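So the structure is just underneath, and the comments pick up after that.
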C-alpha cells in the first residue's frame, strides 16, 4: 500500500476514518466517486481469495507468531544486530507479558540531536498484521545496513523505536481489547472530555506508552491497524462530537507528547491468512521505510544555541494561524 495514496484517499472519504472497527469497502466507495481502482490495491485486498474459499480456515492464528515466539524473535534480533540496536521494555501487559521495544540507530541508547520515530503494532488484539510486519522491517534494516542508501540514512540519522505488540494479551485472547477487555485506543486522556484524565485508572499498556513518551521526545510515529485501507492523522475527535474516536492514542501523542502520529489501516481483513504476510510486507515495505526517512528528508530542521557560549537551549516553535506550539529541549 502506498501511504501517500492513502492520505489523499482519506481526505475524500471522510466516512471511512476508522479505528479497526466495522469492515468497510474503500475501493467500492472510490469507484462510486469516479476514482480508478488501481490494480495493485485490488490485489492487496484479494490475495489467495480462491484458495481461501476452497480451504476455509479453522485457526486464524496459524502461521502467526505466538507471544512467546514474538519475544524470542525480538531478543534474537537484539543479539544478531547488536551493532545497530538495543532491546528494552517499557512495561508489562495486564497478564505480565513484557512490552519489548527494538531501538535501531548507529548509536542506540545514546542521546543525539536526531529525530526519533516509533512504530507501534497490535494496538488492537485482533489486528495482528502489524506485529509481523514490524519484525520483518527490523530484520530488513539490519540485513541491508551498509548496503542500501535509504537504510543507511535511517540508521545514521534517525533513532527508530519499534514496539511490535502493544496488546499481547488481546492477541492471545483473539479479541480487540486487552485482558480487561478495554479498548486501548480509547483509554488515553482526551482533549475534549475528561473521563480518562485519571492516569492511575488507565490500563498498564496505556500507562506504559504515556511514560515512554515522557522519557523519549518522539518527533513522529505510526500505529499499524487492520480492518480497512486508510491513513488517518490528527484530529480524531472534536468538541461537537463529529468524529468517532475519543481517548485515542493518536491525538494524545500529538497534544501531550508533541509527536505527530499517523494511524495506518493496512489490511482490509483484520486477520488475513498468514500466507499473505510476505506479499503484504512487499506492498508496504518501501512506504514504511520512506515514512521513517521523511523525518530527515522533509520538515523544518535546526538547533537553538545561546549567543554567548554557544550552548544548546530549550525552545519552541509556533506556526502562524495554527493553534499549536512545538516544544523542544536541548536534548532533542
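Here, each number is a calculation from the coordinates, and none is a lab measurement. Since the model is a prediction, treat every value here as computed from it, not as a measurement. Counting neighbours? That spans all protein chains shown, and the Cβs are built from the backbone with ideal geometry, glycine included.
Between residue 325 and residue 156, full extension at 0.36 nm per residue minus the direct alpha carbon distance yields a gain of 58.0 nm.
Footprinting exposure proxy ranking of 300, 151, 94, fewest other C-beta atoms within 10 angstrom first, gives 300, 94, 151. Legend: ranking of residues 161, 83 from fewest to most surrounding C-beta atoms inside 10 Å; resulting order 83, 161.
Note on 126, 236, 59: ascending count of other Cβ atoms within 10 Å places them as 59, 126, 236, the fewest first.
One decimal place: the segment residue 275-residue 107 gains 56.9 nm when fully extended, by the rule 0.36 nm per residue minus the C-alpha distance. Projection of the Cα convex hull of the stretch 91-190, averaged over all directions and equal to a quarter of that hull's surface, yields 7.4 nm². If you wrap the tightest convex hull around every Cα atom of the stretch 80-137 and split its volume per residue, you get 106 Å³.
What the Cβ-Cβ distance of residue 317 and residue 193 gives, at R0 = 30 Å and to the nearest 0.05, is a FRET efficiency of 0.60. Computed extension gain for residue 82 through residue 240, at 0.36 nm per residue and net of the alpha carbon distance, reaches 52.0 nm.
Note that the stretch 67-297 carries a Kirkwood radius of 17.7 Å, evaluated over its alpha carbons pair by pair. On the beta carbon distance between residue 214 and residue 60, with R0 = 35 Å, the FRET formula returns roughly 0.45. The label-point distance for residue 144 and residue 304, in a model that sets each label 7 Å from Cα toward Cβ, rounds to 3.7 nm. Size of the stretch 163-302: Rg and Dmax of its alpha carbons, in Å, are 15.9, 46. Secondary structure note: in the stretch 67-297, about 45% of the DSSP beta bridges are antiparallel.
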